[in-house]
Amino acid sequence: MKKLAKLFAATLASVTISLGSLSAVEINKIHFLIPGGAGGGWDGTARGTGEALTKAGLIGTATYENMSGGGGGKAIGYLIENSMSNHGTLMVNSTPIVIRSLTKVFPQNFRDLTLIAGTIGDYAALVVPANSPYKNFKDLVSAYKKNPEKVAIGGGSVPGSMDHLVPAMAFKAAGADPKKVKYIPFDAGGKAMAGLLSGEIDALSTGFSEAVSMANSGKVRIIAVTSEKRVDAAPNAPTLIEQGYDVTFVNWRGFFAAPDLPSNMRKAYIEVLGKMYKTPEWETVRARNGWVNIHNPGDKFMVFLAEQEKVIGNLMRELGFL
Amino acid sequence: MFDGMLLGLETAFTLQNMLFAALGCFIGTIIGMLPGLGPMSVVAIMIPVSLQIGDPSTTLILLAGVYYGAIFGGSTSSILINAPGEAAVVATAFDGYPMAQKGQAGKALTIAAISSFSGGTIGVVLLMFFAPALANFAILFWSAEYFALVLVGLSAISAFAGKGKVLKALMMTLLGLMLATVGESSLFHAPRFTLGIMDLQSGINFVTLAMGLFAVPEAFFLAIDKIRGKKGSSKKSQEISNLRINLKEAKAIMPVIARQSVQGFLIGVMPGTGATIASFLGYAVERNLASPEEREEFGKGSIKGLAAPETANNAASTGSFVPLLTLGIPGSGTTAVLLGAFIALNLQPGPQLMQDRPEVFWSIIMSMYFGNIVLLVLNLPLVPYIARLLSIPRSFLIPFVLFFAMAGAYIGQNNATELLLLLGFGVLAIIFRFADYPLPPLLIGFVLGQMFEDNLGRAMRNANGIQFIWERPMTLTLIISAAIFILVPLIRDWLTNKRK
């Protein structure tokens with residue numbers, strides 16, 4: 001009987017402790033929700049992050065679920081509708097969640113979710129063939145101002161997406177009409193690159209890491225990067241800022257959780273992702289994929305997204321996409 | 001260059017690398033046989049594992065083996081149960097499955113294996129000697145020419161437009177082109193024809209449509225034929241698993257293999273085309289070159305019609321290494337994934353790769369010879385056993401076919417709506433079959449539809465109109481040949497029908 005009382009007391013104590021530690025829960029398991037199919041960018045980000053977290057011992061297990069549909073909209077809807085049962089779930093997403101909410105392709109936007117952190121990112125870049133008459137962004141601007149129809153700019157995504165918005169933003173900063181950008185959409189970055197080398201397009205708007213790998217092949221040159229300062233991976237690539245055009249842009253990837261996630265769990269997720277950056281396991285994954293660490297945890301993430309939404313929204317309205 | 005080749009030989013033919021090449025081929029073939037997991041997914045799955053090896057040559061040899069192994073294996077389900085798991089093997093089903101129905105499954109699988117082997121091997125020879133020279137050929141085409149090339153590929157439909165079916169075949173092609181417009185295109189920023197269904201926003205999934213059009217009706221008719229008391233193709237298993245090809249047949253397919261190896265390779269070299277269009281073009285060209293009697297056989301179990309796409313798609317897959325290795329441009333989804341592996345290994349594919357890391361460059365190419373032999377040795381002895389699958393009783397075969405179709409539609413998407421779509425397409429296909437509409441043109445139209453629209457849209461955007469058709473000589477030439485390819489057979493059939 002005494003034993004039982006002891007056990008009872010112990011149970012009570014442990015319950016109290018667990019209640020008391022509500023402000024410091026331990027995350028042992030993360031279920032990653034991937035809004036696209038296997039092999040894509042979202043898939044790689046989620047699986048890479050999970051791999052680093054488990055190998056570094058920060059969490060015990062990571063599970064993954066691919067839920068494609070609606071260009072990512074289905075997974076967002078699912079996470080919102082099944083919020084209560086998805087406290088263990090993190091959904092990966094990226095800049096398109098901002099753009100697609102603006103264009104109303106997604107009925108929801110990032111404010112309907114719990115923001116955890118922006119974890120990695122990529123700057124944008126403009127690339128020309130190595131033998132192009134355009135030596136820098138200024139040359140491209142003056143050709144564009146003379147006749148925008150003669151400057152075909154390609155990208156690996158649809159009109160109105162990042163690859164289109166970045167040159168429009170840059171031309172606008174140069175005082176030219178961003179509406180006149182002759183944007184040629186390709187369905188993949190590799191095909192856009194082939195279009196650049198074949199002379200079908202004059203310049204290519206693409207992600208910075210992809211641009212670096214192309215420039216390393218010696219066939220093309222980067223004439224503009226949207227970072228604040230030059231990036232170590234390509235010290236010869238000039239930023240738009242240093243050429244006198246006040247444009248920066250980051251295509252981020254990060255994680256979101258269910259809308260009514262308890263604040264202590266949110267804090268734990270933010271912490272666990274924050275700790276990940278110092279581990280060699282993460283460095284291996286990051287280097288393997290050529291990602292750039294751009295860490296925006298918690299509330300900083302909200303500020304960042306709100307700012308991005310404002311800039312992109314204004315530009316898209318000006319271009320007539322909204 | 002010869003020093004490089006020798007170095008490559010040395011690297012590729014170490015015991016370790018040979019083992020990994022064989023392992024890659026084996027994994028690729030086995031997974032490639034499953035529907036829904038095309039070469040791209042298989043390679044993507046294998047990358048994290050293969051990076052653990054450490055040696056860049058070995059890793060890439062393994063991945064390349066997985067790639068062409070998957071292409072090799074993809075033809076099996078096309079031939080046996082009319083279930084092409086990937087766009088590049090749709091054309092394989094056109095004649096491979098009718099052959100299997102006639103009880104020649106073993107022969108069909110053998111021809112597919114030999115054609116794949118020859119296409120792959122001749123492709124490697126071309127890759128080895130002409131890769132650097134072909135770099136400029138790879139960037140010859142603009143969207144305008146790709147559009148024209150798609151038109152030539154569409155001419156493959158004429159094989160299904162025989163006797164009184166011309167209009168029906170054209171209607172089916174149009175329906176296929178229309179289905180390809182569902183979802184968001186790469187040209188516009190809005191979803192189209194999705195009926196507000198979110199699952200349709202990314203378009204119709206190829207495997208779901210292919211399984212629904214081909215495999216599901218097959219299961220239905222297997223069941224119905226029994227009820228209707230029709231005798232199926234239940235030949236003796238001895239004949240089914242017979243893989244012998246006679247001298248006459250070998251003579252017939254030899255020139256096809258020779259032509260399609262070169263043609264398929266060249267098409268594969270151009271980024272923006274790839275194995276699918278190579279297989280359709282190969283099919284169309286060989287049909288036009290065949291004698292009138294042989295032409296009648298196309299679509300009904302012609303050995304030439306089987307050898308042509310199988311040779312072409314394997315040669316094209318090898319060809320797609322040219323832009324990757326010499327320019328650093330991935331021409332297809334699979335080579336884009338492979339590019340990721342190169343970068344993870346700190347290698348930059350491109351003109352310098354051959355100079356800086358000749359052992360990597362050449363050992364990948366050299367390992368392909370060995371890999372192709374492995375594939376042949378691996379596959380030929382298995383043919384009788386795989387073919388015997390067809391001699392199992394229908395009550396077991398039907399659920400198997402259905403399971404295969406459903407797994408294919410579901411894997412990769414992880415979306416249960418695909419199963420409903422599969423059922424819908426299946427019912428539609430059964431109705432079309434009863435009404436005697438040919439289904440292959442629908443799938444050809446669908447598969448080529450997106451390339452058709454994208455390239456036409458890009459060319460028009462760039463030229464601000466359609467004047468590119470006459471302003472670019474190469475486009476004009478290709479469009480005229482497409483017109484000849486499509487119209488001549490139709491007129492010829494019409495004339496012969498009239499004479500009768």
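Look at (1) outside any loop (DSSP other than H, G, I, E, B); (2) modelled with pLDDT under 90; (3) surrounded by fewer than 16 Cβ atoms within 10 Å (Cβ to Cβ) and you find that A:Glu26 fails only one, number (1). Scanning the range B:433-451 turns up no residue that is buried (at least 20 other Cβ atoms within 10 Å of the Cβ), within 13 Å of chain A (Cβ to nearest Cβ) and in contact with a strand residue (DSSP E or B) (Cβ under 6 Å, 6 or more places away or on another chain).
If you go through the range B:99-116 one residue at a time, do you hit one that is assigned to a helix (DSSP H, G or I), over 26 Å from B:Pro217 (Cβ atoms) and within 14 Å of chain A (Cβ to nearest Cβ)? No, the range B:99-116 contains no residue that is assigned to a helix (DSSP H, G or I), over 26 Å from B:Pro217 (Cβ atoms) and within 14 Å of chain A (Cβ to nearest Cβ).
Taking the conditions (1) closer than 22 Å to B:Val262 by Cα; (2) out of contact with any Phe, Trp or Tyr (no Cβ under 9 Å at 6 or more places or on another chain); (3) crowded, with 24+ Cβ neighbours inside 10 Å in turn, B:Gln104 satisfies each one other than (1). Every listed requirement among (1) under 16 Å from the mean Cα position of the chain (by Cα); (2) among the small types (Gly, Ala, Ser); (3) surrounded by fewer than 24 Cβ atoms within 10 Å (Cβ to Cβ) is met by B:Ala344 save one, (1).
Within the range B:118-126, can one find any residue that is under 30 Å from B:Gln467 (Cβ atoms) and surrounded by fewer than 24 Cβ atoms within 10 Å (Cβ to Cβ)?
no
Within the range B:462-478, the set of residues being surrounded by fewer than 20 Cβ atoms within 10 Å (Cβ to Cβ), touching a helix residue (DSSP H, G or I) at 6+ places or on another chain (Cβ under 9 Å) and not acidic (Asp, Glu) comprises B:Ala463, B:Asn464, B:Ile466, B:Ile469, B:Trp470, B:Arg472, B:Met474, B:Leu476, B:Thr477. The criterion of being touching an Asp or Glu at 6+ places or on another chain (Cβ under 9 Å), farther than 30 Å from B:Gly328 by Cα, surrounded by 19 or more Cβ atoms within 10 Å (Cβ to Cβ) and free of Cβ contacts under 8 Å to residues at least 40 places away in the same chain holds for A:Gly69. Taking the listed residues A:Val92, A:Val25, the one that is away from every other protein chain (no Cβ under 14 Å) and under 14 Å from the mean Cα position of the chain (by Cα) is A:Val92, with no other qualifying. Among (1) touching a helix residue (DSSP H, G or I) at 6+ places or on another chain (Cβ under 8 Å); (2) at pLDDT 80 or above, where does B:Leu37 come up short? B:Leu37 satisfies every listed condition except (2).
The single condition among (1) part of a helix (DSSP H, G or I); (2) at pLDDT below 85; (3) surrounded by 22 or more Cβ atoms within 10 Å (Cβ to Cβ) that B:Ile329 does not meet is (1). Residues that are more than 23 Å from A:Ile184 (Cβ to Cβ) and aromatic (Phe, Trp, Tyr) were ranked within the range B:162-209; the one that is surrounded by the most Cβ atoms within 10 Å (Cβ to Cβ) is B:Phe206.
Which one of these is modelled with pLDDT under 85, within 14 Å of chain B (Cβ to nearest Cβ) and part of a helix (DSSP H, G or I): A:Gly39, A:Gly48, A:Gly20, A:Gly72? Walk me through how you get there before you give the answer.
Numbers: A:Gly39 fails: part of a helix (DSSP H, G or I); A:Gly48 fails: modelled with pLDDT under 85; A:Gly20 fails: within 14 Å of chain B (Cβ to nearest Cβ).
The match here is A:Gly72.
What are the residues in the range A:272-291 that are away from chain B (no Cβ under 14 Å) and either among the aliphatic types (A, V, I, L, M) or buried (at least 17 other Cβ atoms within 10 Å of the Cβ) (or both), if any?
Taking the range A:272-291 first, the residues away from chain B (no Cβ under 14 Å) are A:272-280, A:282.
Those that are away from chain B (no Cβ under 14 Å) and either among the aliphatic types (A, V, I, L, M) or buried (at least 17 other Cβ atoms within 10 Å of the Cβ) (or both): A:Val272, A:Leu273, A:Met276, A:Trp282.
Of all residue pairs spaced 6 or more apart or on separate chains, those with beta-carbon atoms under 6 Å, a first member in the range A:99-112 that is more than 11 Å from chain B (Cβ to nearest Cβ) and farther than 18 Å from B:Gly196 by Cα and a second member that is modelled with pLDDT of 85 or more and crowded, with 19+ Cβ neighbours inside 10 Å are A:Asn109/A:Ser101; A:Phe110/A:Ile97; A:Phe110/A:Leu305.
Output the residue which, of all residues in the range B:396-422 that are small (Gly, Ala, Ser) and crowded, with 20+ Cβ neighbours inside 10 Å, is farthest from the other protein chains (Cβ to nearest Cβ).
Applying the first criterion (small (Gly, Ala, Ser)) to the range B:396-422 yields B:405, B:407-409, B:412, B:416.
Checking the rest, the ones that are also crowded, with 20+ Cβ neighbours inside 10 Å come to B:405, B:408-409, B:412.
On the way: B:Ala405: 19, B:Gly408: 14, B:Ala409: 13, B:Gly412: 6 Å.
Restricting to residues being small (Gly, Ala, Ser) and crowded, with 20+ Cβ neighbours inside 10 Å, the top hit is B:Ala405.
The strands (runs of 3 or more DSSP E) falling completely within the range A:141-255 that include 2 or more residues that are of a type outside the set (A, V, I, L, M, F, W, C), within 12 Å of chain B (Cβ to nearest Cβ) and under 25 Å from the mean Cα position of the chain (by Cα) map to A:152-155, A:182-185.
The values are calculated or read from the model by the stated rules, or taken from the named source; none is laboratory data. Computed from a prediction, not measured in an experiment: that's the story for all the values here. Here Cβ is always computed from backbone atoms with ideal geometry, including for glycine, and neighbour counts include all displayed protein chains.
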